[in-house]
Structures are given as C-alpha cells and as structure tokens.
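Every read-out reported here was derived from the displayed coordinates using simple, explicitly stated rules and does not represent laboratory data. Here the structure is a predicted model, which means the values were calculated and not measured. Cβ placement follows ideal geometry from the backbone for every residue including glycine, while neighbour counts extend to all protein chains displayed.
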Amino acid sequence: MLTPEDNKLLCQVVDDAPMGQLMRRHWTPICLLEEVSEADGPPNKARVFGEDLVVFRDTNGRIGVMDEYCPHRRASLVLGRNEDCGLRCLYHGWKIDVDGNVVEMVSEPATSNFASKVKHTAYPTQEWGGFVWAYMGPADTMPAFQPPAWAPTDQIKVSIAKVIIPCNWAQILEGAIDSAHSSSLHSSDMVPARVSSAQATENMWLRPSTDKAPRLHIDRSSYGFRYAALRRPITNSATNTYVRATVFVAPATALIPPNDRYNVANVNVPVDDTATAFYFIAWGHPSTTPDTEAWREFLGQRLGEDLDKEYRPLRNMGNRFWQDREAMKAGNFTGISGFPNQDVAMWVTMGPIADRSNERLGASDLAIVEFRKQMLAAVRAFQQDGEVIGAGEARIPAHICSFQAIIPKAMDWKEYAAKYVWPVNTPEDATTDV
C-alpha cells in the first residue's frame, strides 16, 4: 500500500513534478521512426510528460522534436508546411528549423532582425531501434546517447507495437514486471507444455511449468533490479527449478523473459499523468524475430483494426474489451484476444491513476513493492542532490539481460550465465561500433 502523498510522488510527471523531471534526465522515445519516415512529409503530433510536441523530418532527413505551438501566436505546427529544411506555420508563415531557429519571418519587415531574437523550444534528437529519441532535460545535464539494453547494436532486428493507454505509467510498468499474473491472466496464450524451455509458436507461447504461485527473489542494482520468479517445472521438479528472470531498468523499461526465438521488452513513456505510450518490443536476430506487422497481428495491436489512427485501442470498458463469453465457456480464460489486450483491460479498469492505498499485496507482489520503494527513494534522492537513477556510471551493464531457464535446484539463479537470445551467433558476435 502507498499513502496518497507517495502515490502522487510516484505517478505525477507533468510540469515540475519531481518524477517527470527525473525522467527528463534520460533520453526518451518520442514516437516511432515509421511515423516520420518521409523527408518533408507530414509532421507528427506527440505528447510526452504533458508537453505537446511536433516531430518532423526535414528536407535533408534531419529529425526535429519541438514545442508544437508556433512561438508567434501559438498556432499548431502539426498543420504546418514541411519544406526547405524547416516547418512553416500556416498562420503568418514563420519558418523554424530542427534546432528551433526561426529562419524566416515573412510577416515582418525585411529590415527587421526580430528572427534573431526568437528561439523556439527544440530538443536534441537521436534515431535508434525504431524510435525517435529526444533529450528533454536541461541542456547542461544531457548525457551522450547510449543504445538501450533491448537494441544494443545496429544488427538487432526490432519490431514494435505502440498503444496509447488511458492510465498512468506506473501501473503499466507494475504490470510488466509482475510475473505472477501471467499464469492466470495469460493462461490461454502462455500455455504449460512438456517442453525443455519456453517456446514461441505462431499463435502462443509455451512454458514448461504449471506452477501458478512463483517464489520471488530480488537482486537490487544501481540501474533498477533483477528478480526471479521460481516455479516447479513439469519434468524433473524434484531436482530442477524453472526460472523466469525479469529486469527492471529505471525509470520505465522492463526486459521480459524471452522465448526460444526472440527477446521481449516493454517501454512506457508518460504522455501525461493519466495516459501512457506503451511500447511492446520483440528484438533479436533478423532470421527469428517477427516482422513488425506479424508482431502486431500476434499481439492484436494492428492500426485500423485494433487501434485507431492515433494508436488508441478500439477495445475499451464500454465494449468490454471485445470480451467473448462464449469463448470463455469453451475454455479461454479471459475471452479477450491478444495477451497485451488482456493486460490493457486490467490496467485501464484500475482507473487513470490506481489508488494504491486500498490494495492488499501478497508474497507474489515482491517485485511491485520493490519497484515502488526504489523509485520513491530515487525521486527523493533526485530532489535532494540531483542524483539520477540508472544514468551515467549507474546505467545498466551490457551483459545484464532477462532470461528463462530450467536450472538445478542447487544453483543460485543470480549465477546463471544469461545471454540474450541470438540463435545463429553469440551476442558478442552481433556487436558493432555505435
């Protein structure tokens, strides 16, 4: 349980909210690269930390992430003309480049030097791993961009499903690091089977355990924490343990235990206090990682079919998330297709910001308790001395990854030599200069 005061500190990210200011000290995904793939193409609207942004690719292919509203009269630049290396406001023709320089003021006298006195809010950007990234913190605190743990090299294939979910980032993150729920909520999609390891098929994930009550163990670190959910395997349970080890990478990323073909991650970007851009990522070797459209179809997160053009889910409480009660009678546990849609239903029905003062947590909630304790301690440390969790020397080491495996009971799961799934070569063979 959390007090209302701590819940507010954990969840709020808009304006000067400490958690939002902490998050701004990390490079942040702003939108998908596919949303701004065309030079001089249509500008894209984004909203991050309660700030309305316009994202565009200029004539030379450079990416701009700027305040959506023109510095002149505050009309939206999303409607602007993207031309000749700048975004031109329709209202009075002011043109702004990707660095926030006003390069033309056609409504002002030719002799005016007004343009040199106006600087529009624009953020440093980076393209990597299928995303446009921006640094939205103070310029003097900007770290060098480092590839994320789920896209360590440019040889990694990355497929991303994006959904804008009408609830707070923290309850989504808590869902991503909650291993216990998968044995119930996702039991029709993550199916127990007599396999030697977790496996992926075209329509489900197989796992070698029927155990619904995992024993959880935490391994704390400067970047967040690892935790293991230990279950009885279906075979050789007297001597072996089935381990699913998840990694929380502060402030809002989860490395989820993989299957035999590809790795899985989840990144949660606060739109504001009551909405989140949820990115569900498959990544790994190009030969075994699903293509983007196949990934979205598998998840039930297709634009135009499951989501509207703004990435908002068509399933909602008003239509009961398209729940099929007849399928439930026939054996499907939830009646909701696509296991992320099952998660979304749970997160959304908790309310825009979950009331954590009324919860009753148990032993299987250890990772959730640790997340709250760690992030509340981190935001207080940030308020006190500017320390940023998971940044600089405290960032996640390259060798840390999630894993799943059947190991001898005598083995400490923390000593398991985990490597991300890369079936053709070892992860070291996939490295390249960044």
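Note on K8: lysines with a C-alpha under 30 Å away, same-chain residues under 8 apart excluded, are K45, K162, K373.
Couplings for segment 55-69, taken from phi via the Karplus curve 6.51 cos²θ - 1.76 cosθ + 1.60 with θ = phi - 60°, read 10, 8, 10, 7, 4, 8, x, 6, 9, x, 10, 9, 3, 4, 9 Hz in order; Gly and Pro are left as x. Between the residues C167, S196, W150, the greatest Cα displacement towards the positive end of the dipole of segment 83-201, with unit charges on the Cβ of Lys, Arg, Asp and Glu, is found for S196.
For the chain, C11, C31, C85, C167, C401 have no disulfide-compatible partner, since no other Cys C-beta lies under 4.7 Å from theirs. Within segment 304-378, the GluC sites (Glu not before Pro) that combine a DSSP coil assignment with at most 15 other C-beta atoms in a 10 angstrom radius are E305, E310, E359.
Over all pairs of different C-alpha atoms in segment 198-244, the reciprocal of the mean inverse distance, the Kirkwood hydrodynamic radius, equals 12.2 Å.
For segment 1-36, the residues whose amide N sits under 20 Å from a probe point set 7 Å from the Cα of R380 along the beta carbon direction are 1-13, 17-23. For segment 1-106, the set of GluC sites (Glu not before Pro) satisfying both a DSSP loop assignment and a count of at most 14 other C-beta atoms within 10 Å is given as E38, E83. Backbone geometry of segment 189-205 corresponds, through the Karplus equation with coefficients 6.51, -1.76 and 1.60 at θ = phi - 60°, to 3J(HN,Hα) couplings of 10, 10, 9, x, 7, 7, 10, 7, 6, 4, 10, 10, 10, 5, 10, 7, 10 Hz, x marking Gly and Pro. Considering only F339, G351, M317, the residue lying farthest towards the positive end of the dipole of segment 300-367 is M317, judged by Cα position with unit charges set on Cβ. Ranking W27, A294, A327 by Cα position along the charge dipole of the chain, where only Lys, Arg, Asp and Glu carry charges on their C-beta atoms, puts A327 farthest toward the positive end. Evaluated with a Cβ-only charge set (Lys, Arg +1; Asp, Glu -1), segment 1-158 carries a dipole of roughly 160 debye about its Cα centre, given to the nearest 20. Between L79 and V191, residue separation times 0.36 nm minus the direct Cα-Cα distance comes to 35.6 nm. Using the Karplus relation 6.51 cos²θ - 1.76 cosθ + 1.60 with θ = phi - 60°, the per-residue 3J(HN,Hα) values for segment 261-267 come to 10, 7, 8, 9, 9, 9, 10 Hz, with x marking Gly and Pro. The magnitude of the dipole of the chain, with charges of +1 and -1 set on the Cβ of Lys/Arg and Asp/Glu and taken from the Cα centre, is near 1260 debye.
Counting only residues at least eight positions apart within a chain, or on another chain, the lysines with an alpha carbon under 28 Å from that of K409 are K212, K419.
Give me the aspartates and glutamates in straight-line cross-link reach of K95: C-alpha distance below 16 Å, same-chain residues under 8 apart excluded. The reachable aspartates and glutamates, counting only those whose Cα sits under 16 Å from K95, are D40, D58, D67, E68, E83, D84, E104, E108. From helices alone, the chain scores -4500 deg cm²/dmol at 222 nm; the rule is -39500 (n - 2.57) for each run of n ≥ 4 DSSP H residues, then divide by the residue total.
Let me know the longest stretch in the chain that avoids all trypsin sites (Lys or Arg not before Pro) found in a DSSP loop with at most 16 other C-beta atoms within 10 Å. With trypsin sites (Lys or Arg not before Pro) excluded where exposed in loops, the chain gives 75-193 as its longest stretch. If I take R0 = 41 Å and measure r between the Cβ atoms of D324 and A213 in this structure, what FRET efficiency does the formula 1/(1 + (r/R0)^6) give, to the nearest 0.05? Plugging the Cβ-Cβ distance into 1/(1 + (r/R0)^6) gives 0.90. Entry note, the chain: relative contact order of 19 percent, from Cα contacts under 8 Å with a spacing of 6+ residues. With each label modelled as a point 7 angstrom along the Cα→C-beta vector, the E34-L303 pair spans 0.6 nm. Taking amide H as placed 1.01 Å from N in the peptide plane, G224 has its amide H under 5 Å from the amide H of A250, each at least 5 places away in sequence or on another chain.
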